[in-house]
2 protein chains.
Amino acid sequence: MSAAVSDNLLERRQRLIGRHAPLFYDEPLEIVRGEGVWLFDKAGRQYLDAYNNVVQCGHCHPHIVAALTHQAGQLNTHTRYLHSGIVDYVERLTALFDAPLDMAMLTCSGSEANELALRMARYTTGHQGIIVTDCTYHGNTEAVAELGTGLMPEAQHVERVAAIPVPDSFRLPSGATPDTLTHYYLQKVHDAIAELQARGMGVAGLLVCPIFANEGLVEPPPGFMEQAVAAVRKAGGLYIADEVQGGFGRTGDHWWSHQAYPVTPDIVTLGKPMGNGHPMAGVIASREHIEPFSEWATYFNTFAGNPVSCAVGTAVLDVIEDEQLMANAVAMGAYIREGLQTLQQRFPVIGDVRQKGLFFAVELVASRESQAPNAALTHDIVNHMCRKGVLISRIGVNNNILKMRPPLPLRRDHADLLLSQLESCFAELAGT
Amino acid sequence: MSAAVSDNLLERRQRLIGRHAPLFYDEPLEIVRGEGVWLFDKAGRQYLDAYNNVVQCGHCHPHIVAALTHQAGQLNTHTRYLHSGIVDYVERLTALFDAPLDMAMLTCSGSEANELALRMARYTTGHQGIIVTDCTYHGNTEAVAELGTGLMPEAQHVERVAAIPVPDSFRLPSGATPDTLTHYYLQKVHDAIAELQARGMGVAGLLVCPIFANEGLVEPPPGFMEQAVAAVRKAGGLYIADEVQGGFGRTGDHWWSHQAYPVTPDIVTLGKPMGNGHPMAGVIASREHIEPFSEWATYFNTFAGNPVSCAVGTAVLDVIEDEQLMANAVAMGAYIREGLQTLQQRFPVIGDVRQKGLFFAVELVASRESQAPNAALTHDIVNHMCRKGVLISRIGVNNNILKMRPPLPLRRDHADLLLSQLESCFAELAGT
């Protein structure tokens, strides 16, 4: 049997792309092959992938690989020539959105999509200020990184960004009760609006991931989203929904996670699963917002929306529809949630279980009473799960939330494996 | 014979991606297939592609398509797992650079690469100011678009950007002579440094395309580049070379166009031809610049440097080397330049012919004496060439420069076709 990691691979990697390029797990994996919900390391060991949401349709899906292969052999140019594949794809994609969202501008990455959304919102409104949640992440360019007020170094003291606390219904802020929670968080939005206006920035928009994925899938209190958006719009700003993680059927009930609320965004950004791994992303908005911006900015993106990307994007939509992956996300999501809730009854370190389709957040605490974040146990569970052959990760301001987002073709036997290995890990690391 | 453009395709495109999404030619082409240096429209008509530098190795190169297909069927994840394909590619790529450029951070687009270079330069130097040439273009994100002082709307009144005039040796600035030209342009660099320092921005770097591609392939006067870089470095700034257009052997003599000057950049950005159309790009720098930045910024890019992109990037290097495309760029570049110079002798509207490998700029003027830019004729030549089955474009502050950058596997018969059709166009549109 071959070694699990090639000789010197880690050292060579550190020399060539750096010691700080992020790498998963205490004992990094050398993954060499993927198929469906499975990843395989160099020694041939297989891992259940319960982490990678980019491969929404499963690793190396044959229909998607075939579409990529076919179009790459035909033509791969750009959008400065007419191409029916581009137009057909955008027509099919935009048809999945509610009115008035009827146009698209394509990009290569979620960062580029959020960049474009910010430029569009700032141009359209004539304002600069953006409201985000504290400690979130929307991408790696300067203008997007500065939104990561809790995480990114550029984000300190940025006049045009105001952060509101994550609208968390589990870990209540001091002084708030379940009854006053909506009011509490809405007041933070009003404060942010006033702050941006006082700084002379005005309000260009509220940019949030509707499922608050990076915040740990927190559940905002009832009525928060629509009232927050109403306040932002009243101040002249737009509602920008970042669907990079919540989109393309991840939540099961809807194509786009913002559709769970009774308010339609002005701008939507797409990314990760859009090409099942192929670099593609985009912005969806109405004609009213796209046309004036596009005229002003003369935006062009060399790679974005090329015929190969559009063929891949089309194949992704085919698979989500043909394999009924959204219905599967609903069914398997509910099944796993029940399993997690059963574990929660047994293990008091499980403080909260949250779920949207096939996206799970399991918040680990020192005790039910204190709700004190248990980052150390979270780290240990993630690494122990890896040793047991199941890939998950963690997230949240306090690094104490297990994050699980498997490819959508997850079947019941895969779900059972995930749950049984979690149960073993908790039993081994958290007693009883 | 089918129509050259599908019914309603232009109208559908305008409705779905907008009326301002850039489109080539007065009568847009519907391109459906590519092969080598050829593109084919819907009616089956073939066009010599003398424009698209993204497909450096030729359209749909079988070796590159095979590498894409193979790896897409094996694994397409990200850089948070170890993968030898990623490390092997970066090792091979960085080996093509001069010391001390020995590390890479990969991105999805040239815009992302320039974003990353700016963040790195600003962090490393502790300064904000960037010096660029007037009327250039380095990408579409906010921080990069603001460098386009002459073109991009955000770029007006940006405190941290200072523009110098394009160091043009053909169209001399008022008051300068060939003898004083180096001094004239260097003084502009010193002025920009002083201006940025007076604004409290300091100098983070000079960001230029070493072949001044978007400026019309202008030739800087002797000694300008190395003395400009020395002045910037003395002020604490870095030299950032944008090789998005000049790299990967385009200029024939060197892998990277900056190697034509006796000064090595601190940071190099790569893009367009890196994946022969597959969305990939990157930043090359020394350990001294990458490691501290990477630690500070915790940079991660979901799609960038994935195993498929690295397999494609490797295949591109294979083709450039195995097919000796750089030697071909030298030989065919010289051959076409001679042909263009012959045309210049016959047609006085050709004011200047400039060439670097297989990149050509032909500056059209009203007359030799006035050197007045002839934008109308340039527009007409580009469109007439398209009707004759050869694809070229135009560029420059005055839109009066024919831009030709064919795929590198251009053969002599292709070159002859390009030259003969140019000759016909000039004869038909510019007399004699």
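Output the pairs from B:Lys234/B:Lys272; A:Lys42/A:Lys356; A:Lys356/A:Lys403 with a Cα-Cα distance over 23 Å in this structure; if there are none, say none.
Over 23 Å Cα-Cα: B:Lys234/B:Lys272; A:Lys42/A:Lys356.
For labels at B:Gln345 and A:His379 in the simple 7 Å Cα→Cβ model, what's the distance in nm?
So the label points at B:Gln345 and A:His379 sit 7.5 nm apart.
Compute the label zone of B:Asp179 within segment B:214-235: residues whose backbone N is under 16 Å from the point 7 Å along Cα-to-Cβ.
So the set is B:222.
Using a Gaussian network model on chain B with a 10 Å cutoff between Cα atoms, which of B:Phe24, B:Phe359, B:Phe40 fluctuates the most?
B:Phe24
Do the sum for chain A: with -39,500 (n - 2.57) for every DSSP H run of n ≥ 4, divided by all residues, what is the mean residue ellipticity at 222 nm, to the nearest 500 deg cm²/dmol?
When only DSSP H runs of four or more count, the value is -12000 deg cm²/dmol.
Rank A:Gly236, A:Met326, A:Ala297 by how far each Cα sits towards the positive end of the charge dipole of the protein assembly as shown (+1 on Lys, Arg Cβ; -1 on Asp, Glu Cβ) and give me just the farthest.
Going by the charge dipole, the pick is A:Met326.
Tell me which DSSP H helices of chain A clear both cut-offs, 30 Å or more of axial length from alpha-carbon atoms and a mean Kyte-Doolittle hydropathy of at least -1.0.
Within chain A the helices that satisfy the rule are A:325-346.
Through the Karplus equation 6.51 cos²θ - 1.76 cosθ + 1.60, θ set to phi - 60°, convert the phi angles of segment A:131-136 into ³J(HN,Hα) values in whole Hz; use x for Gly and Pro.
9, 9, 8, 5, 6, 9
Just to confirm a number: summing +1 for Lys and Arg and -1 for Asp and Glu over residues other than A:Val189 whose beta-carbon lies under 14 angstrom from that of A:Val189, what do you get?
Net charge in that neighbourhood comes out at -1.
Between B:Ala427 and B:Glu27, what length comes free when the chain is fully extended (0.36 nm per residue of separation minus the Cα-Cα distance, one decimal in nm)?
141.8 nm
Could you pull the copy-to-copy label distances for A:Gln324, with points set 7 Å along Cα to Cβ, in nm to one decimal and sorted shortest first?
Shortest to longest, the spacings are 6.1 nm.
Leaving out same-chain residues fewer than 8 places away, which aspartates and glutamates sit with a Cα under 20 Å from that of B:Lys388?
Cross-link targets: B:Asp26, B:Glu27, B:Glu30, B:Glu35, B:Asp41, B:Asp49, B:Asp380, B:Asp413, B:Asp416, B:Glu423, B:Glu428.
So if I average 1/r over every pair of distinct C-alpha atoms in the protein assembly as shown and take the inverse, what Kirkwood radius in Å does that give?
28.0 Å
Using all C-alpha to C-alpha distances in segment B:288-386, build P(r) with 5 Å bins and read off the rounded percent in each one.
Final binned percentages: 2, 10, 12, 12, 11, 9, 9, 10, 10, 8, 4, 1.
Counting other beta carbons within 10 Å of each residue's own, what order do A:Trp255, B:Trp256 fall into, fewest first?
With the fewest neighbours first, A:Trp255, B:Trp256 line up as A:Trp255, B:Trp256.
Go ahead and set up a Gaussian network model of chain B, Cα springs under 10 Å, then flag whichever of B:Gln46, B:Gln14, B:Gln259 fluctuates most.
B:Gln14
Going toward the positive end of the dipole of segment A:1-146, with +1 on Lys and Arg Cβ and -1 on Asp and Glu Cβ, which of A:Gln71, A:Ala113, A:Leu93 do you reach last?
With unit charges placed on the Cβ atoms, the residue in question is A:Gln71.
Show log10 I(q)/I(0) for segment B:62-322 at q = 0.11, 0.14, 0.16 Å⁻¹, two decimals, from a solvent-free Debye sum over equal Cα scatterers.
-0.59, -0.93, -1.17
At a threshold of 8 angstrom on Cα-Cα distance, excluding pairs fewer than six apart, so keeping six or more, what relative contact order does chain B reach in percent?
21 percent
Just want to confirm a number: the relative contact order over segment A:290-432, from Cα pairs under 8 angstrom separated by 6+ residues, in percent.
Over segment A:290-432, the number comes to 21 percent.
So which residue, out of B:Asn140, B:Asn400, B:Asn276, gets the largest mean-square fluctuation from a GNM of chain B using Cα contacts under 10 Å as springs?
Of the options given, B:Asn140 has the highest mean-square fluctuation.
Readers should treat all values here as calculations from the given coordinates under stated rules, not as data from a laboratory. Everything numeric here is computed off the predicted structure, so don't read it as measured data. Note: ideal-geometry Cβ built from the backbone for every residue, glycine included; neighbour counts use all protein chains shown.
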